[in-house]
Amino acid sequence: MKPAVVLLSGGLDSATVLAIAREAGYACHALSLDYGQRHTAELAAAARVAKSLGAVERRVIRIGLGDIGGSALTDASIAVPESPSAGIPVTYVPARNTVMLALALAWAEVLGSRDLFIGVNAVDYSGYPDCRPEFIAAFEQMANLATRAGVEGARLRVHAPLQHLSKAQIIQRGIELGVDYAQTVSCYQADAEGLACGRCDACRLRREGFRAAGVADPTRYG
């Protein structure tokens with residue numbers, strides 16, 4: 001089995017990506033980031049998901065994006081929006097996916113892996129710039145220019161299998177692969193027990209996804 005590094009936040013999308021990578025025959029090394037997010041319950045969810053979906057191992061890297069601030073997810077003084085807004089919302093964390101993929105890339109080099117998996121989506125999403133196909137393509141190109149593996153002839157790939165799927169399609173695919181979505185946490189302001197607010201953008205997209213998929217929503221709301 002070829003090793004792959006899978007970014008695993010503990011949310012619905014990343015859990016589905018882990019299941020997809022496993023089904024494709026990869027030995028999955030799950031990487032979670034404790035970056036100062038207010039919804040730390042997602043890290044406990046990531047541990048559950050990694051175990052249930054058979055990750056070879058899971059590591060947590062702590063990095064202080066909260067020290068930089070600039071996002072409602074890392075700065076408690078900025079309120080998490082509870083209704084749709086125009087433009088890029090304040091829940092955008094500056095450079096988060098770039099930092100996460102860079103750390104995944106470093107671990108992949110150590111593991112001798114040529115494959116990174118990330119659960120970004122550009123259909124049912126909040127409009128974050130680092131979820132777009134252009135970003136993924138640009139990062140993959142950079143990865144092949146900036147690493148020893150890349151310059152020595154290995155082809156590094158960034159897999160984003162959910163990129164063009166609706167939330168309902170993601171859920172349907174995950175159900176086919178045996179993902180237990182009750183183990184996941186998507187809410188931007190989930191409490192310590194993982195109970196969701198039911199009002200933020202992440203909750204809205206998740207709830208509408210289950211409804212459109214015709215699947216009972218297992219989310220625990222506070």
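The values are calculated or read from the model by the stated rules, or taken from the named source; none is laboratory data. For clarity, every value in this text was computed on a predicted model and none was experimentally measured. Virtual Cβ from ideal backbone geometry, glycine too; neighbours counted across all protein chains shown. Keep in mind that these areas ignore ligands, DNA and RNA; they rest on the heavy atoms of the full protein, side chains included. Shrake-Rupley method; radii C 1.70, N 1.55, O 1.52, S 1.80 Å.
Taking the conditions (1) aliphatic (A, V, I, L, M); (2) open to solvent by 40 Å² or more (accessible area, probe 1.4 Å); (3) over 22 Å from residue 128 (Cβ atoms); (4) at pLDDT 95 or above in turn, residue 19 satisfies each one other than (2). Residue pairs whose Cβ atoms lie under 7 Å apart, separated by 6 or more positions or on different chains, with the first residue in region 158-180 and of a type in the set (S, T, N, Q) and the second part of a loop (DSSP other than H, G, I, E, B) and open to solvent by 20 Å² or more (accessible area, probe 1.4 Å), are 163/122; 166/123; 166/124. Applying the criterion of being farther than 13 Å from residue 12 by Cβ and among the charged types (D, E, K, R) to the residues of region 163-195, the residue that is least open to solvent (accessible area, probe 1.4 Å) is 191. Within region 206-219, residues that are over 13 Å from residue 174 (Cα atoms) and in contact (Cβ under 8 Å) with a residue 40 or more places away in the chain have Cβ atoms under 8 Å from residues that are open to solvent by 40 Å² or more (accessible area, probe 1.4 Å) and outside any loop (DSSP other than H, G, I, E, B) in no pair, counting only partners at least 6 apart in sequence or on another chain.
Where helices (runs of 4 or more DSSP H) sit wholly within region 1-115, those with at least 3 residues that are within 21 Å of residue 170 (Cα to Cα) occupy 12-23, 41-52. Among the residues of region 167-183, is there at least one that is hydrophobic (A, V, I, L, M, F, W, C), under 19 Å from residue 7 (Cβ atoms) and in a loop (DSSP other than H, G, I, E, B)? Yes - at least one qualifying residue is present in region 167-183.
Taken over region 41-87, the residue count meeting the criterion of being open to solvent by less than 60 Å² (accessible area, probe 1.4 Å), touching a Lys or Arg at 6+ places or on another chain (Cβ under 7 Å) and of a type in the set (Asp, Glu) is 0.
Yes/no per residue for (1) in contact (Cβ under 8 Å) with a residue 40 or more places away in the chain; (2) in contact with a Pro (Cβ under 8 Å, 6 or more places away or on another chain):
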{"site": "15", "(1), (2)": "yes, no"}
{"site": "26", "(1), (2)": "yes, yes"}
{"site": "48", "(1), (2)": "yes, no"}
{"site": "55", "(1), (2)": "yes, no"}
{"site": "60", "(1), (2)": "no, no"}
{"site": "68", "(1), (2)": "no, yes"}
{"site": "88", "(1), (2)": "yes, yes"}
{"site": "95", "(1), (2)": "no, no"}
{"site": "98", "(1), (2)": "yes, no"}
